[in-house]
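Report on the structure given below.
The values are calculated or read from the model by the stated rules, or taken from the named source; none is laboratory data. Predicted model, so just to flag it, every value in this text is computed and none were measured. Here the Cβ positions follow ideal geometry from the backbone for every residue, glycine too, while neighbour counts run over all protein chains shown. These accessible areas exclude ligands, DNA and RNA; they are computed on the full protein's heavy atoms, side chains included. Shrake-Rupley method; radii C 1.70, N 1.55, O 1.52, S 1.80 Å.
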Amino acid sequence: MAEAMKGLKRTHRCGELSAVNAGETVTVMGWVQKQRNKGGIIFVDLRDRSGLLQIIYEESDCGTENFAKAEKMRSEFVVAVVGTVEKRAGAVNENLATGEIEIRAKETRILSEAETPPFPIEAQSKTKEELRLKYRYLDLRRPDLQRNLMLRSAVTANIRKFLTQEGFLEIETPILGKSTPEGARDYLVPSRVHPGTFYGLPQSPQLFKQLLMCSGYDRYFQIAKCFRDEDLRADRQPEFTQVDLELSFVDVEDVIDVNERLLQFVCREAIGLDITLPLPRIKWIDAMNRYGSDKPDTRFGMELTDVSETVKECGFSVFTTALENGGSVRGINAKGQGNMPRKKIDALVDMAKGYGAKGLAYLCIGEDGSYKSSFAKFMTEEKLKALTEAMNGENGDLLLFAADKNSIVWSVLGALRLEMGRQMGLIDEDQFHFLWVTEFPLLEWSEEENRFVAVHHPFTMPMDEDLQYLDSDPGRVRAKAYDIVLNGVELGGGSVRIFQNDIQEKMFEVLGFEKEDAYNRFGFLLNAFKYGVPPHAGLAYGLDRLVMLLVHAESIRDVMAFPKMKDASCLLTNAPDVVDETQLTELGIALADSVENMEKDLDEGAGAESKN
């Protein structure tokens, strides 16, 4: 039977005690990690969020009743222990922060008994994620997850501290807003009071934070819940947390400056990481040409090389056709991989096809300088030598080439570069490489929609010198946009916003919106701009991604308390789930299969009447 605390007060968390406390009488409370009965002596490892602590029971010290309680203890029992801190008589446990001491128990209360958990509560669990997420309240007892969430709390606290000191105001914006789909899908919430209408859950507080700038609040931030109905992956969830900022009377340099200092402060305070400022920058086009990615991992080299000029008349039709169609031929050099088995090369070819390529050309340079290649027979010895030199190829190297339109070539080689970096052990996981990517394209052509779409969002300011091309050559226009990247992961992005009505209306026109349609979607913002709007700019971080990278987690699910699965379901609560028919009726909603069944019933009823 569970015992009451009866006024007992915890004096310390388990991990807070050390040899300095030797001789003190303390009260600790937590969960039993393990009980070891050695006959006349029982050892109990007690766990709370601060760490583990060894409790020792000897019947002569603690009495028969307390010793019997210790004998009864099992994994995950919740107990309170009063005892004396002693230095360990035996060997010190170097792997434990409290490894120098133990508590000699005097009094014990079993506050709660526990069934045997469905999996061990231990760090670096090997239990399948599906089972752990079903019992997430148990999974969250794991020391590594608790450390992650405590670090997340520290990161959030330090963000608030820094931004408050910099004059930012923390202001909350609505969760129930207007659906303005121009990117990922919105989550929709039906309105009971206004039948047939829907709220959209925010993908970001973008429009409201711009309105706050119109309202004169100057510097705003928010730790904001955001929602996107999109396919999930390791660094995406349907609901996520965003560190959202907006500033007035600023330009690109001002935003980058305050955010660099924010990152420096947070990383130093949270994990003791010193970041040297200013952070490196790279223009978008250079990032694509060098790394095949707009979020390059710069912890290793293996940069892309454009060999279009070298192979333009080489005789290999795959290369020449790509160039004739306005594309390019580029390659990467996997140093020392020239003896890679054909099976592994074929796997790389399949990978390239998965990124849109028709294939992948390769050239293995033997240790004796000989060539083994998928295309060598189509090229002269002179051309092969020139290609090798262009790629800085040496004996023993593996050269990989993609030939197609630039977007596919970048995508294929960017992915292959990361894969080869992993395979070759080139990535130092202990390094933190921050990088600004700037001057993104303002627009990109969507084959699916047959129009230009905004790379970031429709409120991004074009580069001043490119405004002249908005009508004549929209794809050429660069944006005053910037992303912050860490170790090949986009941490956040932002831009200087359009604050002039004529430019905003031109932007909507280029995006294919009629003026009336633009005002239907965004009129509340456009109307606000009529009453005096300051130049403003902002940025938003994915808090989950930042913490994931700082703790070296493989997924943002490891730094969120209650994440969803890849299909956006919650195994713990069984959400999403069916709701009562009464709720649907109140909202004026009929499910598709219900409508079909209702129509079928009506048809059958009509048939019955005609027979009668």
In the set L145, L138, which member is open to solvent by less than 40 Å² (accessible area, probe 1.4 Å) and under 21 Å from the mean Cα position of the chain (by Cα)?
L145
Some residue of the stretch 251-259 being touching a Ser or Thr at 6+ places or on another chain (Cβ under 6 Å) and not polar (S, T, N, Q):
no
Report whether or not G99 is buried (at least 16 other Cβ atoms within 10 Å of the Cβ), without any contact (Cβ under 8 Å) to a residue 60 or more places away in the chain and either under 27 Å from D144 (Cβ atoms) or touching a Pro at 6+ places or on another chain (Cβ under 6 Å) (or both).
yes
Out of F440, F432, F401, sole residue that is farther than 24 Å from M351 by Cα and either crowded, with 20+ Cβ neighbours inside 10 Å or aliphatic (A, V, I, L, M) (or both):
F440
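Going by the structure shown, is K344 open to solvent by 70 Å² or more (accessible area, probe 1.4 Å) and touching a residue at least 60 places away in the same chain (Cβ under 8 Å)?
Numbers: open to solvent by 70 Å² or more (accessible area, probe 1.4 Å): yes; touching a residue at least 60 places away in the same chain (Cβ under 8 Å): no.
No, not satisfied.
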Any chance S411 is touching a Ser or Thr at 6+ places or on another chain (Cβ under 9 Å), part of a helix (DSSP H, G or I) and polar (S, T, N, Q):
yes
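Given the residues G326, G369, which is the only one that is small (G, A, S), touching a residue at least 60 places away in the same chain (Cβ under 8 Å) and surrounded by fewer than 19 Cβ atoms within 10 Å (Cβ to Cβ)?
On the way: G369 fails: touching a residue at least 60 places away in the same chain (Cβ under 8 Å).
Going through G326, G369 in turn, the sole match is G326.
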Selection over the stretch 420-459 where residues are assigned to a strand (DSSP E or B), under 24 Å from the mean Cα position of the chain (by Cα) and small (G, A, S) yields a count of 1
Kindly evaluate I110 against the criterion of being touching a residue at least 12 places away in the same chain (Cβ under 8 Å), in contact with a strand residue (DSSP E or B) (Cβ under 8 Å, 6 or more places away or on another chain) and either open to solvent by less than 60 Å² (accessible area, probe 1.4 Å) or farther than 23 Å from A224 by Cα (or both).
yes
Among the residues of the stretch 206-240, which ones are surrounded by fewer than 17 Cβ atoms within 10 Å (Cβ to Cβ) and part of a loop (DSSP other than H, G, I, E, B)?
S215, G216, Y217, E230, D231, R233, A234
Heads up, the helices (runs of 4 or more DSSP H) in the stretch 493-560 (entirely inside) with at least 2 residues that are surrounded by fewer than 19 Cβ atoms within 10 Å (Cβ to Cβ) are 501-510, 515-528
Kindly check whether there is at least one residue in the stretch 479-491 that is part of a loop (DSSP other than H, G, I, E, B) and of a type outside the set (D, E, K, R).
yes
Pick out, from the stretch 118-171, the helices (runs of 4 or more DSSP H) lying fully within it that include 2 or more residues that are farther than 14 Å from F562 by Cβ, touching a Phe, Trp or Tyr at 6+ places or on another chain (Cβ under 8 Å) and not β-branched (V, I, T).
143-165
Name the pairs: first residue in the stretch 17-43 and aromatic (F, W, Y), second residue open to solvent by 60 Å² or more (accessible area, probe 1.4 Å) and assigned to a strand (DSSP E or B), Cβ to Cβ under 7 Å, at least 6 apart or on different chains?
F43/R36
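Going by the structure shown, is R152 farther than 30 Å from A4 by Cβ and either surrounded by fewer than 18 Cβ atoms within 10 Å (Cβ to Cβ) or within 32 Å of the chain's Cα centre (by Cα) (or both)? Give the steps one after another, and end with the answer.
Values: farther than 30 Å from A4 by Cβ: yes; either surrounded by fewer than 18 Cβ atoms within 10 Å (Cβ to Cβ) or within 32 Å of the chain's Cα centre (by Cα) (or both): yes.
When the stated conditions are applied, R152 passes them.
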Where I159 falls short, out of the listed (1) open to solvent by 70 Å² or more (accessible area, probe 1.4 Å); (2) touching a residue at least 60 places away in the same chain (Cβ under 8 Å); (3) within 23 Å of the chain's Cα centre (by Cα):
(1)
Within the stretch 179-205, residues in a loop (DSSP other than H, G, I, E, B) and among the β-branched types (V, I, T) come out as T180, V193, T197
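Being part of a strand (DSSP E or B) and out of contact with any helix residue (DSSP H, G or I) (no Cβ under 8 Å at 6 or more places or on another chain) is the filter here; which residues of the stretch 282-297 pass it?
Going residue by residue through the stretch 282-297, those that are part of a strand (DSSP E or B) are 282-283.
Listed by number, the list holds a single entry, K283.
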Test set (1) within 30 Å of D430 (Cβ to Cβ); (2) in contact with a helix residue (DSSP H, G or I) (Cβ under 9 Å, 6 or more places away or on another chain); (3) of a type in the set (A, V, I, L, M) - A481 fails condition number:
(1)
